[in-house]
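As structure tokens, the structure follows; a few thoughts come after it.
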Amino acid sequence: MKAIKPQDILFKPIKAIGRDYFLINTDVGEQNNTMTAAWGQIGLLWNKPIFTTYVRPSRYTKKLLDQSEYFVISFLPSGHPAYEYLGTISGHEERNKVEKSQLKVVPLEHGFTFEEAYLTLVCKKIYVSAVKKENFLESKIPSTNYPKDDFSLQYIGEIVLAYSNEEN
């Protein structure tokens, strides 16, 4: 894994985020968690390189995200079996699911990633906002994506470190 500048990140974001998925890693003291996600954006906002992700209030990851100054985004190869496990097992029930994922943990200055990740983004939280039903201009989106009205929180993080694994 080698450090790269955020402006040198090269990948296909719509495929990587929406079809291949990614992991959100949180680390607070002795508690850590990872969850599979498929909603996010990467780009430039407020003159900063950013990654935005969305997490429902019921997720254990949300609790840790709220307590942490940083979060880490890890992109594994498409179809990696850890995506299914980490996306179906809740941190509420399985506190050591990172260990049980059988991924090889790589400690970072502000969290952790995995040896298997082809791209890792270390993000410093700079903005958090609740997604609100009344703000949707297309009425089908909330009913389709939030049938239980469990609207996500939007976490915008400045990409402060990025790592590429050229082997994957």
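Hand me the chymotrypsin sites (Phe, Trp or Tyr not before Pro) from region 46-118 located in a DSSP loop with no more than 15 other Cβ atoms within 10 Å, in residue order please.
Filter output for region 46-118: Trp46.
Less than 15 Å Cβ to Cβ from Thr88, Lys/Arg counted +1 and Asp/Glu -1: what total charge do the surrounding residues give?
Residues close to Thr88 contribute a combined charge of +1.
Kindly flag which residue pairs out of Lys63/Lys133; Lys15/Lys148; Lys15/Lys125; Lys5/Lys132; Lys104/Lys133 have an alpha-carbon separation exceeding 30 Å in this structure.
Cα-Cα > 30 Å for Lys5/Lys132; Lys104/Lys133; rest within.
How about region 78-137: which GluC sites (Glu not before Pro) there are in a DSSP loop, with at most 16 other Cβ atoms within 10 Å of their Cβ?
In loop regions of region 78-137 (DSSP not H, G, I, E or B), the sparsely surrounded GluC sites (Glu not before Pro) are Glu93, Glu94, Glu109, Glu115.
Sort out for me the Cα centre separation of region 100-118 from region 31-74, rounded to whole Å.
If we compute the Cα centre of each part, the gap is 16 Å.
With N residues in region 1-47, what two-decimal value do you get for its Cα radius of gyration over 2.2 N^0.38 Å?
Relative to the 2.2 N^0.38 Å estimate, region 1-47 comes out at 1.39.
Provide, as a two-decimal number, the C-alpha radius of gyration of the chain over 2.2 N^0.38 Å, N being how many residues it has.
The value comes to 0.99.
Can you tell me the Rg and the Dmax, both Å, for the Cα atoms in region 16-82?
Answer for region 16-82, Rg first and Dmax second: 12.4, 36 Å.
Please list, by residue number, every one of the trypsin sites (Lys or Arg not before Pro) in region 1-105 that is coil in DSSP and has at most 15 other beta-carbon atoms within 10 Å.
Here the trypsin sites (Lys or Arg not before Pro) that fit, given the DSSP loop and packing criteria, are Arg95, Lys104.
Every read-out reported here was derived from the displayed coordinates using simple, explicitly stated rules and does not represent laboratory data. Nothing here was measured: the structure is a model prediction, and the numbers come from that model. Here Cβ is always computed from backbone atoms with ideal geometry, including for glycine, and neighbour counts include all displayed protein chains.
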